[in-house]
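As structure tokens, the structure follows; a few thoughts come after it.
Throughout, read-outs are computed from the coordinates displayed, never taken from laboratory work. Small disclaimer: the values here were computed from a predicted structure and weren't measured. Neighbour counts are summed over all protein chains in view; Cβ atoms, including those assigned to glycine, are modelled from backbone coordinates with ideal geometry.
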Amino acid sequence: MKQLKGYSCDKVRDMEKAALDKYKDMNEDALVDALLDNVRKSKADGTYSAAELMQFAEMMSPHLTQEKRERLANLIRLINSDV
């Protein structure tokens, strides 16, 4: 995941739109699988950043229901407890 610091608002919106477009047709199970796959790969190659995962979650949060935000937060806690 990319750091958002220093990006313009337009650039962040473009990144957000690209992420939404990429994942919009996936069901929840497929989304969780994609997230865990990305986390496994980034942990294996040493590029995993808990802070970047939180930034991504914060960027996606406005597009989620409260229930889905809570599930995402629980998933991230599980992922980060294994760092």
* Asked: Relative to the Cα centre, what is the charge dipole magnitude of the chain, using +1 at the beta carbon of each Lys and Arg, -1 at the beta carbon of each Asp and Glu, and rounding to the nearest 20 debye?
  -> 240 debye
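If the chain between LYS41 and LEU78 were fully stretched, how many nm would it gain, using 0.36 nm times the residue separation less the Cα-Cα distance?
Numbers: separation 37, 0.36 × 37 = 13.32 nm, distance 1.64 nm.
Working it through step by step, the gained length comes to 11.7 nm.
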* Structure fact -> Under 5 Å from the placed amide H of TYR48, counting only residues 5+ away or on other chains, we find LYS43
* **Shape box of the chain [Cα atoms, principal axes, largest first, Å]** => 34, 28, 19
* Inter-centroid distance (Cα atoms) of the range 51-81 relative to the range 11-37, Å -> 12 Å
* To do: Run the quick spin-label model on ALA51 and VAL12: label points 7 Å from Cα toward the beta carbon, then report their separation in nm to one decimal.
  => 1.6 nm
